[in-house]
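What follows is calculated from the coordinates using simple rules that are stated; it is not laboratory data. This is a predicted model, so every value here is computed, not measured. Cβ atoms come from the backbone with ideal geometry, glycine included; neighbour counts cover every protein chain shown.
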Amino acid sequence: GDSVTQMEGPVTLSEEAFLTINCTYTATGYPSLFWYVQYPGEGLQLLLKATKADDKGSNKGFEATYRKETTSFHLEKGSVQVSDSAVYFCALSDLSSASKIIFGSGTRLSIRP
Amino acid sequence: EAGVAQSPRYKIIEKRQSVAFWCNPISGHATLYWYQQILGQGPKLLIQFQNNGVVDDSQLPKDRFSAERLKGVDSTLKIQPAKLEDSAVYLCASSLVDFDTGELFFGEGSRLTVL
């Protein structure tokens, strides 16, 4: 079945460092891919998405490119801030799986001032 | 715009007791989801409703979990009897009918501790 694998955390970086959180997926069809973020004390919210191969999703300085050849959707940010400290979830939805969203296990990111 | 509302935020019960969680989705959202998030794991879909009907409940432990969505709006998730392994955060989410947008709107969750 469909699945999402993302790098384990926690990840701790200094402010202004470059961030990469790896995500790979397995799907039978042609999924849409997402990054959701959960800030402390808040619910999950959509950060960015890509619906087809080679699409790039971007928001709040974060980017991720849908790579079909490597089945990957890595999250990147050029210069992280303390306010980016959160848990990040990679996810996919596949219409062949009744459109449900399947989440990875999450990566906790902590940014030091 | 009001978000997804859930209650209670926290609940502590003993094993074999029962508990119910309530969710009010964003107005106009036809699709409603209940996810279970165990500590250190990603959310796992328990049940998905489209209006009043169940779209997917393949991962709902039906011997102890039940859910309903009356009148296609509010929803209730019940656990009876609870087990220790049911300790988790129960997340409710909603989305518009056009699922290709891919955006789920989540509530803050209901944290259940089973002792």
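Given a Förster distance of 25 angstrom, what is the FRET efficiency for B:Asn51 paired with B:Trp22, based on the Cβ-Cβ distance and rounded to 0.05?
Plugging the Cβ-Cβ distance into 1/(1 + (r/R0)^6) gives 0.90.
Here the scattering of chain A is modelled by Debye summation over its C-alpha atoms, one equal scatterer each and no solvent; at q = 0.12 Å⁻¹ the log10 of I(q)/I(0) is -0.38.
Highest mean first, what order results for B:66-73, A:84-91, A:68-75, A:31-38 on Cβ atoms within 10 Å?
Working: B:66-73: 14.8, A:84-91: 22.5, A:68-75: 16.4, A:31-38: 24.9.
Ranked from most to least packed, the peptides come out as A:31-38, A:84-91, A:68-75, B:66-73.
The residue among A:Gln45, B:Ser110, B:Ala93 whose Cα reaches farthest toward the positive pole of the charge dipole of the protein assembly as shown, with charges on the beta-carbon of Lys, Arg, Asp and Glu, is B:Ser110. For chain B, taking the reciprocal of the average inverse distance between every pair of different Cα atoms yields a Kirkwood hydrodynamic radius of 14.1 Å. Taking 7 Å steps out from each Cα toward its Cβ at B:Leu70 and A:Thr51 produces label points 3.7 nm apart. Computed from point charges on the beta carbon alone (+1 for Lys and Arg, -1 for Asp and Glu), the dipole magnitude for the protein assembly as shown about its Cα centre is near 640 Debye.
Contact order, relative form, for chain A: 36 percent (alpha carbon pairs under 8 Å, 6 or more residues apart, mean separation divided by residue count).
The magnitude of the dipole of chain B, with charges of +1 and -1 set on the Cβ of Lys/Arg and Asp/Glu and taken from the Cα centre, is near 600 debye.
Take the Cα gyration tensor of the protein assembly as shown, multiply each eigenvalue by 5, square-root it, and list the three semi-axes largest first, rounded to whole angstrom. Mind showing how you got there, number by number?
On the way: eigenvalues 173, 86, 50 Å².
Equivalent ellipsoid semi-axes, largest first: 29, 21, 16 Å.
In terms of the Cα gyration tensor, with a ≥ b ≥ c the square roots of its eigenvalues, is region B:52-115 rounded because a/c is under 1.5, prolate because a/b exceeds b/c, or oblate? Kindly include the intermediate steps, with their values, before the conclusion.
On the way: a/c = 2.17, a/b = 1.60, b/c = 1.35.
In terms of gyration-tensor shape, prolate.
Here the dipole of chain A is about 140 debye; that uses its Cα centre as origin and unit charges on the Cβ of Lys and Arg (positive) and Asp and Glu (negative).
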